[in-house]
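As structure tokens, the structure follows; a few thoughts come after it.
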Amino acid sequence: MSADTPAPAFSDPLLRQAVEAALADAAPNAALTSSASGDAGQGDAHWALASQLGWVGTLVPEEAGGLGLDLSHVADLCEVMGRNLFCGPFVETAVLLPALAAGIGGEFAQLLPDAASGTVRIGFCEVDEEDVGEAKAISVSPVEHAQSATHFIFLCEAPDGCVSWMLAPSADAEIAPLQAMDLTCPVARVDIKAASPRKWHTPDEGAAARILAAMHVAIAADLLGMGEAALARTVDHVSGRKQFGTQVGAFQAIKHRLADCYMALSGARLAISHAARDGASRHDAVLARILAADAARKTTAAAIQLHGALGFSWEMDLHLYLKRMLRLSGRNGGTNRLRAAASTSFVDSVINGRP
Amino acid sequence: MNNAEFRSERIAEAPDFLGAEADGEFRNGLREWLARELPRVAGDLIGTAALHSVEFRRKWEDHLCCAGLSGLGWPRELGGHSLPLGKQAIFHEECARAGAPLAVNMIGHGIVAPTIIAYGSAEQKRRFLPSILDNSQVWCQGYSEPGAGSDLAAIATRAERRGDVYVVNGQKIWTSFANIADQCLLLVRTTLDGAPRKGISVLLADMHLPGVSVRPIRQITGEADFNEVFFDNVEVPADCRLGEENAGWKIAMDAANYERSTYFVPRIVRMQAELEALVRLAAGTRRRGRTAIDDPAIRSAIGELHINLHALRLYADRILEMAEQGVPPGVDGSSVKLLWSESHQRLFELAMEILGPDAALGPQEISAPAQGRWGRDFLWTKAETVLAGTSEIHRNIIAERGLGLPR
Ligand SMILES: Cc1cc2nc3c(=O)[nH]c(=O)nc-3n(C[C@H](O)[C@H](O)[C@H](O)COP(=O)(O)OP(=O)(O)OC[C@H]3O[C@@H](n4cnc5c(N)ncnc54)[C@H](O)[C@@H]3O)c2cc1C
């Protein structure tokens with residue numbers, strides 16, 4: 001796939017094109033790099049689009065006002081969003097919440113109609129086991145998009161693999177904004193007072209796996225999309241920039257490095273496609289997520305390096321990709337933890353003869 | 001030449017340890033001095049990110065210089081201390097260990113001064129060296145241009161001789177610290193005839209001359225330490241030309257050699273302290289019932305960095321030895337630059353992995369671990385494989401000049 005040919009869709013090419021077209025008009029990278037803190041205005045513009053065009057309802061069943069589509073559609077949306085540096089709690093609201101509604105139901109399911117219309121915005125908080133309890137004070141930082149969240153969803157993945165979830169309205173939270181690494185994602189500290197009542201839900205293993213897998217696939221697709229964008233920008237630059245009387249892209253050192261990025265991204269694309277199918281496992285999703293994170297890391301590093309000093313300057317918006325990669329890679333304990341988990345699950349399956 | 005000419009009013013008698021014969025004694029004396037002076041000068045800034053702000057870096061550098069701790073390697077007759085490079089390395093090592101910030105005027109001390117000492121006239125030495133010694137003048141290095149980055153010989157900034165001045169017109173870019181610099185080691189084209197390398201000269205240009213304008217460029221760290229510099233009919237006195245007219249290419253290449261031997265040593269020795277800080281970060285980061293340092297992947301990555309650092313240190317020692325004998329580092333200089341910059345990048349990538357979700361905190365967020373320094377330095381290391389010759393260019397040098405592969 002070259003910079004000009006469209007990437008193949010995971011689901012419906014028309015959906016993809018529509019999202020691509022809508023976001024292409026609403027991706028003012030320049031606005032982000034011209035303001036110190038970036039975000040807010042653009043976040044609202046992006047969210048308005050995602051609500052009006054029904055993207056936030058992708059996974060929400062039709063009877064709750066959504067589109068009733070599946071994970072492969074989410075993969076398309078998230079890839080295009082990553083490519084265009086979408087700003088807003090899409091993964092939390094449009095992927096995690098419907099997955100919890102399907103796996104646990106209850107209070108999560110009740111939020112679906114408002115989520116499908118874009119009124120509900122979810123902030124996602126990962127906590128340690130010590131924080132789980134009915135009346136404990138919880139303090140989490142950094143929480144993405146906390147400032148605009150209407151609800152927070154808390155996740156605790158215990159070392160023994162037990163997963164529990166909790167929902168809290170933002171009225172119960174104190175929010176203190178913090179400086180964000182990624183200019184497309186405001187972050188804050190979220191404090192929930194000790195007294196507010198709350199209920200932790202522990203879904204069965206199958207449901208827990210499906211919830212986490214959905215989130216991994218969505219994040220992987222975002223990483224893939226931003227990686228693709230960074231690669232396309234870099235191919236453009238090295239094709240135009242001349243040193244020593246020739247385009248720097250003609251030097252084999254550069255060709256090889258970009259070929260490696262292309263290869264890594266293509267592998268990630270296949271893995272995401274595989275993990276977004278019905279019947280794919282959580283392990284499939286974790287592998288897709290790791291492959292996408294590695295490809296995005298490689299590509300964003302190459303993008304900066306091959307732009308020379310230009311890549312290191314703020315006005316040249318390439319750092320937005322690097323910083324987005326950093327933020328997304330750190331989620332769910334980081335790629336490193338996922339790699340260890342993937343390795344453990346593979347090794348165990350070999351030793352214990354599990355399929 | 002008389003030492004007195006080079007003595008600045010601002011400079012106090014150097015501390016006693018500087019005269020110590022034995023390395024151990026030198027090291028201990030310095031360590032005590034730093035343990036006393038750094039907290040005294042830094043006050044409340046100790047342990048904060050502000051210790052690494054340009055303002056404090058400059059203040060600390062002024063303090064070192066005025067305490068007589070500059071010109072460590074310069075000849076005594078030029079106001080220096082003639083310290084062997086080994087002792088200079090110890091100096092940088094102890095500064096790093098004490099947590100002192102990097103210098104700001106490193107271009108002045110590490111690159112310009114040795115170049116002036118090698119190529120300057122007696123008059124130029126008298127004019128420029130004392131103000132480097134006491135740090136009253138900051139230098140920048142005006143090499144790169146929009147059309148001449150890796151291909152430095154393509155510079156187009158023109159200097160035309162008119163009577164006793166050179167009239168300079170053109171533009172430099174990415175010039176570090178030009179916004180605070182008083183002087184510039186400026187590469188200009190003095191003739192359009194012949195091969196591009198044969199028409200380049202070096203000027204020691206006053207940044208306050210009429211016609212010089214500076215526009216800061218913001219970096220991905222959020223700071224703005226590099227700049228565009230415009231020269232519009234700037235009249236630089238002809239006696240500010242360093243070396244012969246049209247012989248600037250060799251001077252620039254020699255300056256790069258100084259860069260590789262003296263400029264990078266402080267950075268290499270700092271990495272040891274940084275790796276130790278990383279180990280402590282991993283030991284103090286607990287998530288999901290587990291401490292990061294117990295993660296075998298993190299241990300193995302730390303092990304790899306430790307091994308690289310060992311090799312790097314030996315490389316650096318070798319380059320120092322060569323420099324002491326007046327041998328330019330050549331291809332080994334490229335190896336050191338590559339190994340240093342790429343290991344340094346890896347070190348901070350690893351820090352980001354250890355930080356996990358905290359990596360989403362900004363480089364100036366003071367509630368972040370180390371007040372955001374890990375994130376800031378992670379971003380900064382992206383520059384290190386580009387400045388002072390990109391990794392690609394250094395690999396070409398090793399392959400072509402080291403291995404003799406065809407160009
Ligand atoms: C933080 C920072 C501070 C700086 N400070 C200064 C300063 O104080 N003074 C100064 O003069 N300059 C300074 N520079 C500029 C620096 O020297 C240049 O960025 C560097 O020489 C590369 O030039 P360029 O940025 O134009 O990249 P280009 O030369 O355009 O290179 C773009 C890409 O092409 C690659 N490339 C180029 N030629 C080849 C080849 N033959 N084979 C393979 N790959 C190739 C490069 O490696 C790079 O990846 C600074 C740069 C940075 C990032």
(message) Skipping prolines and chain starts, which residues have an amide H placed within reach, meaning under 5 Å, of the one on B:Ser53, given they are 5 or more residues away or on another chain?
(response) none
(message) Can you sort A:Leu97, B:Leu314, B:Leu34 from fewest to most other Cβ atoms within 10 Å of each residue's own Cβ?
(response) B:Leu314, B:Leu34, A:Leu97
(message) Highest mean first, how do A:196-208, B:115-127, B:177-189 rank when packing is the count of other Cβ atoms within 10 Å averaged over residues?
(response) B:177-189, B:115-127, A:196-208
(request) Any chance you could list P(r) for the protein assembly as shown, counting all Cα-Cα pairs in 20 angstrom bins from zero, rounded to whole %? (result) 16, 45, 29, 10, 0
(request) Determine the shielding of peptide B:360-371 by partner chains: average, over its residues, the number of Cβ atoms on other chains within 10 angstrom of each Cβ. (result) 5
(request) Pairs of Cα atoms under 8 Å, at least six residues apart: use those to get the relative contact order of region B:3-133, whole percent. (result) 31
(message) Which entries of A:Lys136/A:Lys199; A:Lys323/B:Lys382; B:Lys87/B:Lys382; A:Lys242/A:Lys323; A:Lys298/B:Lys382 have Cα-Cα distances beyond 19 Å here?
(response) B:Lys87/B:Lys382; A:Lys242/A:Lys323
(message) Just want the ordering: A:Val350, A:Val248, from fewest to most Cβ atoms lying within 10 Å of their own Cβ.
(response) A:Val350, A:Val248
(message) Within 10 Å of each Cβ in A:300-312, how many Cβ atoms from other chains are there, averaged over the peptide?
(response) 5
(request) Using +1 at the Cβ of each Lys and Arg and -1 at the Cβ of each Asp and Glu in the protein assembly as shown, identify which of B:Asn105, B:Met253, A:Gly133 lies farthest towards the dipole's positive end. (result) B:Met253
(request) List the GluC sites (Glu not before Pro) within region B:190-253 that fall in a DSSP loop (any state other than H, G, I, E or B) and whose Cβ has at most 14 other Cβ atoms within 10 Å. (result) B:Glu244
(message) Please report the projected area of chain B's Cα convex hull averaged over all directions, in nm².
(response) 21.2
(request) Using Cα pairs closer than 8 Å and at least 6 residues apart in sequence, work out the relative contact order for chain B, in percent. (result) 13
(message) About the Cα centre, and with charges only on the beta carbon of Lys, Arg (+1) and Asp, Glu (-1), how big is the dipole of region B:224-333? Nearest 20 debye, please.
(response) 1120
(message) Compute, for region B:139-246, the length of the dipole vector about the Cα centre, with Cβ point charges of +1 (Lys, Arg) and -1 (Asp, Glu) only. Units Debye, rounded to 20.
(response) 240
(request) Could you work out which residue, out of A:Val187, A:Val132, A:Val95, moves most in a Gaussian network model of chain A, that is, has the largest mean-square fluctuation with Cα springs under 10 Å? (result) A:Val132
(message) At a threshold of 8 angstrom on Cα-Cα distance, excluding pairs fewer than six apart, so keeping six or more, what relative contact order does chain A reach in percent?
(response) 16
(request) Please name which of B:Ile180, B:Ile155, B:Tyr143 has its Cα lying farthest along the dipole of region B:132-204 towards the positive end, using unit charges on Cβ (Lys, Arg +1; Asp, Glu -1) and the Cα centre as origin. (result) B:Ile155
(message) Can you compute the charge dipole magnitude of chain A about its Cα centre, using +1 on each Lys and Arg Cβ and -1 on each Asp and Glu Cβ, nothing else charged? Give it in debye, rounded to the nearest 20.
(response) 1200
(request) Calculate for chain A the 222 nm mean residue ellipticity that helices alone would give, adding -39,500 (n - 2.57) per DSSP H run of length 4 or more and normalising by residue count, nearest 500 deg cm²/dmol. (result) -16000 deg cm²/dmol
(message) With unit charges on the beta carbons (Lys and Arg positive, Asp and Glu negative) and the dipole taken about the Cα centre of the protein assembly as shown, which residue among B:Leu34, B:Ala122, A:Met325 sits farthest to the positive side?
(response) B:Ala122
(message) From the helices alone, meaning DSSP H stretches of at least four residues, give me the mean residue ellipticity at 222 nm for chain B, per-run term -39500 (n - 2.57), in deg cm²/dmol to the nearest 500.
(response) -14000 deg cm²/dmol
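Taken together, the values in this text are just the output of simple stated rules run on the coordinates, not laboratory data. Predicted, not measured: the structure shown is a model, and the values here were computed from it. So basically every Cβ, Gly included, is an ideal-geometry build from the backbone, and we count neighbours across all protein chains shown.
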